[in-house]
Amino acid sequence: MKAIRVAQFGGPEVMQLKNVPDPEPGPKQVLIHVRAVGVNPVETYIRAGRYPNLALPFTPGTDAAGEVAQIGALVSHVAVGARVYTSGSVTGAYSNMTVCEAADIHPLPDKASFAEGAAMNVPYGTAWRALFQRARAVPGETVLVHGATGGVGTAAVQLARAAGLTVIGTAGSDRGAQLISDLGASHVLNHRLADCLTEVLKITENRGVDIILEMLANANLGKDLPVLARHGRVVVIGSRGKVEIDARELMVRDAEIRGMLLFNLSARDKAAIHAALRAGLENGTVKPVIAREFPLEEASRAHELIMQPGACGKIILVP
């Protein structure tokens, strides 16, 4: 089969398309014929060596969608030929074929495309965990989604609206603003403006927002706290450096900052997330926004693009 291989840590150019032996699933594993692969920012950090405990060489990626090609002897909940998406990969997703643990295989409804299936795990899993497992969001609350045009951001807007929350989203372009408005955001702010967050207090009549989903804490966290409502929660999803905050802004609001990393999921929480996401795919409340599709051999181009500002949806690789 063909797979992207990383033999040394570095820039996007270290990813090379290679011919490698077809993998074989173990007793509790499943072999997937990959039709689409989701590209995530975390994979650029792994490729660059930010997770140095990873053995070289390796194939990146955890998120794919396709058909079941082979099942292990102890697998009974999925059949050969079934359409599925993945929430993890043993051998790496940037490939024609990938081996996954049976627990990381989820049914893909017929109405969903393979590209949409490949867009599920990291973006929608992150958004769902941030909103409902970390922020404990409830209907009627107001959530501010920073960077609402990216993969996690668009997912968060959809999930929050479907759950009855009022959404304020930020975008950096007219195109992005229109996108998140179409997805259900009640208000859209331009995060390129220095005083962007002052509009939050006007929108909420000085009450503030109950929840903030923070994609770039090093740039925004200090500005987030003054626009929180009493008992508000900030969930930090992404950060690229240190930040200084005024802790009194937390104290006067009885507010909280909560971190999250999808890789910290327990098996029980992971099962709950994907039960909810499968239902969303089936009833139409979950509809991933696909921004660009690249052939597998252009994985390096996809890695360059995903780290640029102005994202509007999900980047997909097609083997």
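The values are calculated or read from the model by the stated rules, or taken from the named source; none is laboratory data. Treat the numbers as computed from the prediction; the structure is a model and nothing was measured. Please note: Cβ atoms are built from the backbone with ideal geometry, for glycine as well, and neighbour counts cover all protein chains shown. All accessible areas refer to the heavy atoms of the entire protein, side chains included, with ligands and DNA or RNA removed. Shrake-Rupley method; radii C 1.70, N 1.55, O 1.52, S 1.80 Å.
Some notes on this structure:
- Surface composition of the range 236-291: carbon and sulfur atoms hold 50% of the protein heavy-atom accessible area at a 1.4 Å probe.
- Projecting the Cα atoms of Ile203, Ala275, Leu250 onto the charge dipole of the chain (Cβ charges, centred on the Cα centre) puts Leu250 farthest toward the positive pole.
- Length-normalised contact order of the range 274-318 in % [C-alpha pairs under 8 Å, at least 6 apart]: 45 percent
- The H on the amide N of Leu189, modeled in the peptide plane, is under 5 Å from the matching H of Gly169, Thr170, Ala171, each at least 5 residues off or on a different chain.
- Volume of the convex hull of the chain (Cα atoms only), normalised per residue: 126 Å³.
- Heavy-atom accessible area per residue - the chain, 1.4 Å, Å²: 45 Å²
- Gained length - Asp269 relative to Ala82, 0.36 nm times residue gap less alpha-carbon distance: 64.9 nm
- Per residue, the average separation of C-alpha pairs within less than 8 Å and at least 6 apart gives the chain a relative contact order of 18 percent.
- Taking the Cα centre of the chain as origin and assigning +1 to Lys and Arg Cβ atoms and -1 to Asp and Glu Cβ atoms, the resulting dipole is close to 260 debye.
- In this structure His191 has an accessible area near 80 Å², from a 1.4 Å probe over the protein heavy atoms.
- Gain in span if fully extended, Glu256 to Gln8, counting 0.36 nm per residue against the direct Cα distance: 85.3 nm
- Ellipticity estimate at 222 nm from DSSP helix runs (n ≥ 4, -39,500 (n - 2.57)) divided over the chain, nearest 500: -7000 deg cm²/dmol
- J(HN,Hα) series, the range 257-265, from Karplus relation 6.51 cos²θ - 1.76 cosθ + 1.60, nearest Hz, glycine and proline x: 10, 10, x, 7, 9, 4, 5, 8, 4
- Around Gly10: net Lys/Arg minus Asp/Glu count, Cβ-Cβ under 12 Å: +1
- Protection proxy ranking, peptides 55-65, 260-270, average beta carbon neighbours within 10 Å, highest first: 55-65, 260-270
- Computed FRET value (nearest 0.05) for Asn206 with Ile245, which takes r as the C-beta separation and R₀ as 25 Å: 0.75
- Per-residue HN-Hα couplings for the range 129-143 [Karplus 6.51, -1.76, 1.60; θ = phi - 60°; Hz; x = Gly/Pro]: 5, 4, 6, 10, 9, 9, 7, 6, 4, 10, x, x, 7, 10, 10
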